[in-house]
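These notes are about the structure you will find just below.
The values are calculated or read from the model by the stated rules, or taken from the named source; none is laboratory data. As the structure is a prediction and not an experimental result, all values here were calculated from the model. Cβ placement follows ideal geometry from the backbone for every residue including glycine, while neighbour counts extend to all protein chains displayed.
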Amino acid sequence: MTPAETAALLSFAAAFDRRTLGEADVLAWHTVLSDITFDAAKQAVAAHYAVETRWIMPADIRQHVLKARADTAADIQGPGLPPEIPDADPDDIPAYLAAVRQQRHRAADGLKPRPVKELLAGVGRNIPREITAVRRPGPLGVTCPDCRAPIGRPCRTGAGRERAPHENRETAALQPRTEETA
């Protein structure tokens, strides 16, 4: 909230309790409420005066906003809730955790999940060559010359069951990568 919004909030509260306002009041309230949005604070003032006759204080607003955020985010317990997909690769742990944190903050603030169209915007796009050139370590980083198992998938027996990597695949994984196999 900006100092101007803090002054507007105090004016809104004064409409209920006829308090007098000065620059010191605005500065003091802004110091305590600067991280709260104007709309959330205004809703807190209205909710307070709907049930209380005593003057509202900054702590009342903070408590109301924090309770409203907690109530909104009550069902957010972990991955999968809500069905919004975090915007990060799960293998990049710091980025994934930051995306999950941001997702929970969005839910707590009552923001709607991103539309499906936005989530699917990157599907089917070309992967940059510098990313495709990254090779998975070990035998699963190459296509198996024996059973033709693709990169990242385990080798298979003739009956279709998974098995340990074929010896030729392990050997191929040790070979330096050339441009034609990239």
| task | Select from the stretch 4-14 the residues that are in contact with a Phe, Trp or Tyr (Cβ under 9 Å, 6 or more places away or on another chain) and of a type outside the set (S, T, N, Q) and write down the one among them that is nearest to residue 56 (Cα to Cα). | result | 13
| message | Any residue at all in the stretch 56-67 that's surrounded by 14 or more Cβ atoms within 10 Å (Cβ to Cβ), at pLDDT 80 or above and among the charged types (D, E, K, R)? | response | yes
| Quick one: in the stretch 124-149, which of the residues that are of a type in the set (Lys, Arg) and under 28 Å from residue 160 (Cβ atoms) is modelled with the highest pLDDT? | 148
